[in-house]
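First the structure, in the form of structure tokens, and then the observations on it.
The values are calculated or read from the model by the stated rules, or taken from the named source; none is laboratory data. What you see is a predicted model, and the numbers here were worked out from it, not measured in a lab. Heads up, the Cβs are rebuilt from the backbone with ideal geometry, glycines too, and the neighbour counts pull from every protein chain shown.
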Amino acid sequence: MYAESISFSKEYFENNKWKIDNFDFSKINLIAGKNASGKTRILNSISIVIDFLREGKIENDSSIYNWNIKLLENKTEYIYDLKIDNSIVLFEELKIDGTLYFSRNKSGKGQIKYDSQDSKLDFGIENNKILLANKRDKIQHKLLEPIFNWISSFYLFKFGDSLGQPLGYDIKNKIFTYDDKQVVYKFREGLKEFKEPFKNKIIETFNSIGYDIEDIYTADIAYQVYALYIKENGKEIFQREISQGMFRALSLIIQITYLDFTVEDNITILIDDIGEGLDFERADSLINYLIKNAEKQKDKMQLIMTTNDRLVMNNVPLDYWIIVDKDEKGKIDFYSQKTHPKNFENFEDIGLNNFDFFSGEYYKNCVWSD
């Protein structure tokens, strides 16, 4: 299962609203746009609903949310609508291939299909709980299983952040604390289960993007607290001493390798600000690795990345681009091979580089008669 399109709005308070309509995805996507155009918000719009669905209920959130999400499982289309206001679910509905599977209103009452009986039954649920998250039943609601697999195999990585590098220390509780991405934990778990092939794959991939390490391992630095070490040119380097850009790339490769080894169902990987903090050659190599890995696993992986880096844009095929364009009034439009095929096809005949397609706004006006 993968996301085909999303419409989303969030209203913080009166006259403070952000909205996107019918944002279409492919299996591999590079979302490009200027600063503050909404690239990160698009990723967050998916991440927020995933968090709600994992939690199963909403508490202490005064915002107003609206989602319309189209998902594809092979040739089966799922359309999910969810509206929330001040932690109350106003409306929730799921259609599968155009047939209503369930629907509920503000009171929490509605109907849901029971697969084994091929009928619908009435239900009632608390008005701050999300029906989809609270109706998992592999016998009575087996058609919901692809959605649950999609929810559980969704990962957002913010490449501009630390991605698990700092070792913080909680003075009050006298314990070390880690970033919630748990890269050390994932490395240790992968090594424990898959042994040397897991570690060797990480080293091979990491070196292929322009680094030269001989080994990677963990060591106990406090009671049941571990840190990463790498060996480079015979020298042992503690994770806090690894440069920020180098550690981001290493962390991302560890986590994606872990997913490759452990996840059998579809995977959705979102990466915000891909390549941030890396030199051109390594950023280019890292993105090529991510795209080739996604192409190799196209039946089980959806990859969505964001960037505003011209060097990144120049080295990602236009086939994967989605350009986010926000005008002076805040209106947001999207341009991709799906939405504006002629603009993309005609630009290839001009002979300019990919960044010119963006900076020259050819994505808006590269149309002419044959």
Margin query: Is it the case, given these coordinates, that Ser359 is farther than 26 Å from Asn22 by Cβ and among the hydroxyl-bearing types (Ser, Thr, Tyr)?
Written below: no
Margin query: One residue is enough: does the stretch 308-315 have a residue meeting the conditions buried (at least 22 other Cβ atoms within 10 Å of the Cβ) and either more than 19 Å from Phe357 (Cα to Cα) or at pLDDT 90 or above (or both)?
Written below: no
Next item on the list: Would you check if Ala3 is within 19 Å of Ile269 (Cα to Cα) and of a type in the set (A, V, I, L, M)?
Entry: yes
Item checked: Hey, Gly275 over 20 Å from Ser153 (Cα atoms) and surrounded by 22 or more Cβ atoms within 10 Å (Cβ to Cβ) or not -> yes
Notebook entry, point to check: On the given criteria, is Asp265 at pLDDT below 90 and out of contact with any helix residue (DSSP H, G or I) (no Cβ under 9 Å at 6 or more places or on another chain)?
Noted result: no
Next item on the list: Find the residue count for the stretch 134-166, including only residues that are out of contact with any Lys or Arg (no Cβ under 7 Å at 6 or more places or on another chain), among the hydrophobic types (A, V, I, L, M, F, W, C) and either more than 30 Å from Tyr185 (Cα to Cα) or not in a strand (DSSP E or B) (or both).
Entry: 4
